[in-house]
């Protein structure tokens, strides 16, 4: 009994086309080529099942576009190696974004806590830093006498 072999493993392009995919009318799976008057199917934009069915059920001439790896296999949309790379990139990007958000929230929280009691935090966080206390030097001015009840005495000079 013969083992089924995927038509994707035996695909070969007889004469490569020089038409530009981006200038063709259509979508990511199929576009119309005005040069050869055929629909061009993007095998790399299809699942493996869809690409195999298209190749097996096609009758006559068919024009395809695909990405072929260095080992000769055709890359399809549901390729596990391709998806693994995409998942890894998305995971790395998501990790970076979440890390940045955590750092931002942590920084804002620290700033709000530090602003509430700056002197206490400075004493704990920077114990050997120079003091921010302000020293004042100079002669002490004598306080002016306060009026008392015996200010009506006659022996004290009165101001006029």
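The values are calculated or read from the model by the stated rules, or taken from the named source; none is laboratory data. Since the model is a prediction, treat every value here as computed from it, not as a measurement. Positions of Cβ are generated from backbone atoms using ideal geometry, with glycine treated the same way; all protein chains shown enter the neighbour counts.
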Looking at 108, 55, 104, which is the one that is in a helix (DSSP H, G or I) and within 17 Å of residue 13 (Cβ to Cβ)? 55
I'd like to check something: does region 102-122 contain any residue that is loosely packed, with under 11 Cβ neighbours inside 10 Å, modelled with pLDDT under 80 and either at positive phi or in contact with a strand residue (DSSP E or B) (Cβ under 8 Å, 6 or more places away or on another chain) (or both)? no
If I ask for residues that are under 32 Å from the mean Cα position of the chain (by Cα), over 13 Å from residue 50 (Cα atoms) and exposed (fewer than 14 other Cβ atoms within 10 Å of the Cβ), which ones from region 68-78 would you list? 69, 70
When you scan region 16-47, how many residues do you find that are in contact with a helix residue (DSSP H, G or I) (Cβ under 8 Å, 6 or more places away or on another chain) and either assigned to a loop (DSSP other than H, G, I, E, B) or modelled with pLDDT under 85 (or both)? 3
